[in-house]
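In what follows, a structure is listed as structure tokens, so that the remarks can point back to it.
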Amino acid sequence: MQRIPVITKDGSHTISVPEMNVTYHSVHGAIQESEHVFIKAGLLDSGIFDYIGIHQVLEIGFGTGLNALLTLIEADRHKNRIYYTAIEPFPLDEPLIAQLNYCEQLNLSQYQQLFEKMHQCGRGEMYEITQYFRLTKHNTTLQEFSTDEVYSIVYYDAFAPAAQPELWTKEIFENLYSMMAEGGLLVTYCSKGDVQRALKAAGFTIEKIPGPPGKREMLRAVRR
């Protein structure tokens, strides 16, 4: 599967997959999208930083590592611990990772080595990236993933339903529901009607909120 780095409108990279006709992030701005959908609407709006503790975050689709990087930065900023679990069956190759310009675009060059370290971490083992951020990556599919952990936040960043319809079903969301804490949030860029219905059928309460640049709406789902 060919994967090509491209520059989005905010100057940050995404990855294009021509044979699937998808990109890893919005072409309107990779960093803008991740900050809006996963950090602001998920991590920060969840209120988990209102108290000190260990906060469990699950990401579906580690991809370029951008969402993990932005979460690490917030964990350090708030001096609050996040244990971050990411599922990625198709990790990027090192030459491609080396081209990604996120730390440069964020003017946070001090995080470049940490960003690289996250990509170098082995699979199925927890790594301490900073005092406030630990990472566990799983090189498996969501369908095969199982855990005893309970997550406060889920970043649902799989490819769009047109490319991966099997990842947007009632059964998938029921499985995620069972892994989440009461009041936990699932956030995703996708607001399609079929996705809304699948989330509701799985037991979530959903909310449509303004989307990132180039997208009118996104979804935030709460486990009640």
Tell me, yes or no, whether the range 123-133 has at least one residue that is modelled with pLDDT of 95 or more and closer than 25 Å to VAL17 by Cβ. no
Quick check on LEU66: is it crowded, with 18+ Cβ neighbours inside 10 Å, within 17 Å of TYR189 (Cβ to Cβ) and without any contact (Cβ under 8 Å) to a residue 60 or more places away in the chain? yes
Looking only at the range 180-200, filter to residues that are more than 21 Å from PHE159 (Cα to Cα) and hydrophobic (A, V, I, L, M, F, W, C); which one of those is nearest to the chain's Cα centre (by Cα)? MET180
Selected residue (criterion: nearest to the chain's Cα centre (by Cα)) from residues of the range 42-72 that are polar (S, T, N, Q) and part of a loop (DSSP other than H, G, I, E, B): THR64
Could we say that THR14 is among the β-branched types (Val, Ile, Thr), farther than 28 Å from TYR132 by Cα and in contact with a Ser or Thr (Cβ under 6 Å, 6 or more places away or on another chain) here? no
State all residues of the range 43-64 that are out of contact with any helix residue (DSSP H, G or I) (no Cβ under 9 Å at 6 or more places or on another chain), within 13 Å of MET180 (Cβ to Cβ) and at pLDDT 95 or above; if no residue qualifies, say none. GLN56
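Determine which member of the set LEU106, LEU100 is over 24 Å from SER152 (Cβ atoms) and under 17 Å from the mean Cα position of the chain (by Cα). Explain how you work it out, then say what you get.
Values: LEU106 fails: under 17 Å from the mean Cα position of the chain (by Cα).
From the options LEU106, LEU100, the qualifying one is LEU100.
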Go through the range 22-40 and give me each residue that's aromatic (Phe, Trp, Tyr) and assigned to a helix (DSSP H, G or I). PHE38
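The values are calculated or read from the model by the stated rules, or taken from the named source; none is laboratory data. Quick caveat: nothing in here was measured; it's all calculated off a predicted structure. Backbone-built Cβ (ideal geometry, glycine too); neighbour counts: all protein chains shown.
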